[in-house]
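A short worksheet on the structure shown next.
None of the figures in this text is laboratory data; all of them are computed from the coordinates on show. Note that this is a predicted model, so its numbers are computed, not measured. Cβ placement follows ideal geometry from the backbone for every residue including glycine, while neighbour counts extend to all protein chains displayed.
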Amino acid sequence: MLQIEDVKLALVGLGYVGLPLAVEFGKKRSVLGFDVNASRVAELREGKDHTLEVEPAELALASQLSFTDDPAQLAQANVFIVTVPTPIDQYKQPDLTPLVRASETIGKVLKRGDIVVYESTVYPGATEEVCVPVLERMSGLKFNEEFYAGYSPERINPGDKAHRVSSIRKVTSGSTPDVANLVDTLYKQIILAGTHKAPSIRVAEAAKVIENTQRDVNIALINELALIFNKMGIDTLAVLEAAGTKWNFLPFRPGLVGGHCIGVDPYYLTHKAQAIGYHPEIILAGRRLNDSMGVYVAAQLVKAMTKRSIQVRGSKVLVMGLTFKENCPDLRNTRVVDIVRELGEYQVGVDVYDPWVDPDEAERMYGIRPVSAPAAGAYDGIVIAVAHRQFAAMGARAIHAFGKPEHVLYDLKYVLAAADADLRL
């Protein structure tokens, strides 16, 4: 059994989750960061991170961190931490392809006594039912006799500079008690907030998947309340602020629910639930409601424009923000595209403006190329879809200046005061 002082660590996957983790470990011990994307490895070697999660100065502090896109170099490691994406496909089913490929890559270099720890979000049982068989097949080794596994769910909040890897408590687990202890000790080297050692890998997997499922359901409730209050002519934010004066009221806000966690993780749990013969009513209802919000927003904007006698067909609308959340360049699973596409169904011309976004990446992912700067006085409608700090800094007058003399401004994210917007969610 490996001892902590014998650990030779490798991180597989250097995205939003893997890089910050690798950097923290690289401040404390030697660690090899691996990614299949050669251009990603090249930029990191130059001290740059296009995701903006790690500043160049912080990256430089990880003096014991090296990078490679050569899978053969992984053979030097004996503990592997896997941080690859786990998306859903077009049918909203889990897509474990990146996880399987990462397991195949590790399996080719796996040795007796090695440990593979997964951080990618999965349904309970996936590590031992999907990943471990791949490791066994590729390595020819036997699980829990010749190699071992662990699971420690990622807890990363893109764009959040306050809650970082080391300041968020970490759940850990292992396939045997000794492995669980080693995995927990390893993470304790970098997690200042402490760790929680789960009794099994399946418990750790379940804990992760329900964290975001709980948030998804709560946001769905607030979204439904917003629909009701809108019909009643009541300001939703004013209601939430009043209700929030009670000490145990949960401070959720309505809005679009996208990203790689809240908008995805519940489908992993519902997939497993259905596989064992249970149909999850509340979780799927919340998903349906949250996935419909983009269509609702577009319809509300069109209705408001019609009431002001603004010709909808052939009109121009500015959508401010494309990322899935504020102050980060992450476009994965953004639901802003639902607004853009729905407005297109009304034959509305849409310009998207987002200073955080790489236009080439947006075009590649969604066929949308953001404008470099909105034209003054050009738009019949304006939608503030993401609360980037640049938009808040503009203020109401500057944002309204993008509109024609008669236009509608829809503030989804409460960036402006109530009196400065025509519509709020």
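For Ile222, what is the net charge nearby, where nearby means another residue's Cβ is under 14 Å from its Cβ and Lys, Arg count +1, Asp, Glu -1?
The answer is 0.
Pulled fully out, how much extra length does the chain show between Lys161 and Tyr91, if you take 0.36 nm times their separation in residues and subtract their Cα-Cα distance?
21.8 nm
If the range 276-424 were replaced by its equivalent ellipsoid, with semi-axes equal to the square roots of 5 times the Cα gyration tensor eigenvalues, what would those be, largest first, whole Å?
Largest first, the range 276-424 gives 26, 19, 15 Å.
Would you mind calculating the gained length between Glu104 and His50 on full extension (0.36 nm times residue separation, minus the Cα-Cα distance), in nm to one decimal?
Here the segment from Glu104 to His50 would lengthen by 16.7 nm.
In whole angstrom, and with the biggest value first, how far do the Cα coordinates of the range 235-284 range along each principal axis?
42, 22, 18
Ignoring GluC sites (Glu not before Pro) that are buried or in helix or strand per DSSP, and keeping those with at most 15 other beta carbon atoms within 10 Å, what is the longest stretch of the chain between them?
After excluding every exposed loop site, the longest remaining stretch is 147-425.
Round to a whole angstrom and tell me the spacing of the C-alpha centers of the range 216-287 and the range 170-200.
31 Å
For the chain, what is the charge dipole size about the Cα centre, in debye to the nearest 20, if Lys and Arg each add +1 at the Cβ and Asp and Glu each add -1 at the Cβ? List each step's numbers first, then the result.
Working: 46 positive and 51 negative charges, 146 e Å.
Computed about the Cα centre, the dipole is about 700 debye.
Once the Cβ-Cβ distance between Glu406 and Ala299 is put in as r, and R0 is 22 Å, what FRET efficiency do you end up with, to the nearest 0.05?
0.65
Please give the net charge around Pro329, taking every other residue with its beta carbon less than 9 angstrom from that of Pro329, where Lys and Arg add +1 and Asp and Glu add -1.
Summing Lys/Arg as +1 and Asp/Glu as -1 gives -4.
Please report the antiparallel percentage of DSSP beta bridges with both residues in the chain, rounded to the nearest 5.
So the antiparallel bridges in the chain amount to around 5 percent.
Which entries in Lys92/Lys208; Lys303/Lys325; Lys231/Lys325; Lys92/Lys404; Lys231/Lys316 show an alpha-carbon gap greater than 30 Å?
Violating the 30 Å limit, Cα to Cα: Lys92/Lys404.
Which three extents, in whole angstrom, do the alpha-carbon atoms of the range 315-367 cover along their principal axes, largest first?
Reported extents, whole Å, longest axis first: 29, 18, 17.
Counting other Cβ atoms within 10 Å of each Cβ, which trypsin sites (Lys or Arg not before Pro) in the range 193-257 have at most 10 and sit in a DSSP loop?
Counting only loop positions with at most 10 other Cβ atoms within 10 Å, the trypsin sites (Lys or Arg not before Pro) in the range 193-257 are Lys246.
List the aspartates and glutamates whose Cα lies under 13 Å from the Cα of Lys48, skipping any in the same chain that are fewer than 8 positions away.
Leaving aside aspartates and glutamates fewer than 8 places away in the same chain, those within reach of Lys48 are Glu58.
Give me the net charge of Pro177's neighbourhood, meaning all other residues with Cβ under 13 Å from the Cβ of Pro177; Lys, Arg count +1, Asp, Glu -1.
Net of charged neighbours comes to -1.
Once the piece of chain linking Glu361 and Ser30 is laid out straight, how much longer is it, given 0.36 nm per residue of separation minus the C-alpha distance between them?
Values: separation 331, 0.36 × 331 = 119.16 nm, distance 3.28 nm.
Contour length minus the Cα-Cα distance gives 115.9 nm.
Filter the chymotrypsin sites (Phe, Trp or Tyr not before Pro) in the range 30-122 to those in DSSP coil with at most 14 other Cβ atoms within 10 Å of their Cβ, and list the result.
Within the range 30-122, the qualifying chymotrypsin sites (Phe, Trp or Tyr not before Pro) (loop, at most 14 other Cβ atoms within 10 Å) are Tyr91.
What is the calculated FRET efficiency for Ser309 to Arg389, with r their C-beta to C-beta distance and R₀ = 35 Å, to the nearest 0.05?
Working: r = 35 Å, r/R0 = 1.00.
In this case the efficiency is close to 0.50.
As an exercise, use a Förster radius of 35 Å and the Cβ-Cβ distance of Met138 and Arg169 to find the FRET efficiency, rounded to the nearest 0.05.
Details: r = 33 Å, r/R0 = 0.95.
Efficiency at R0 = 35 Å is approximately 0.55.
List the trypsin sites (Lys or Arg not before Pro) within the range 331-376 that DSSP assigns to loop and that have no more than 14 neighbouring Cβ atoms inside 10 Å.
Counting only loop positions with at most 14 other Cβ atoms within 10 Å, none of the trypsin sites (Lys or Arg not before Pro) in the range 331-376 qualifies.
Each label point is 7 Å from the Cα along the Cα-to-Cβ direction; what then is the distance between the points at Gln214 and Tyr278, in nm?
Computed distance between label sites Gln214 and Tyr278 equals 1.6 nm.
Only helices at least 18 Å long along their own axis, judged from Cα atoms, and with Kyte-Doolittle mean hydropathy of -1.0 or greater: name those in the chain from DSSP H. Present the calculation step by step, with values, prior to reporting the outcome.
On the way: long enough: 201-232 (47 Å, 0.35); 293-307 (21 Å, 0.79).
Once both thresholds are applied, what remains is 201-232, 293-307.
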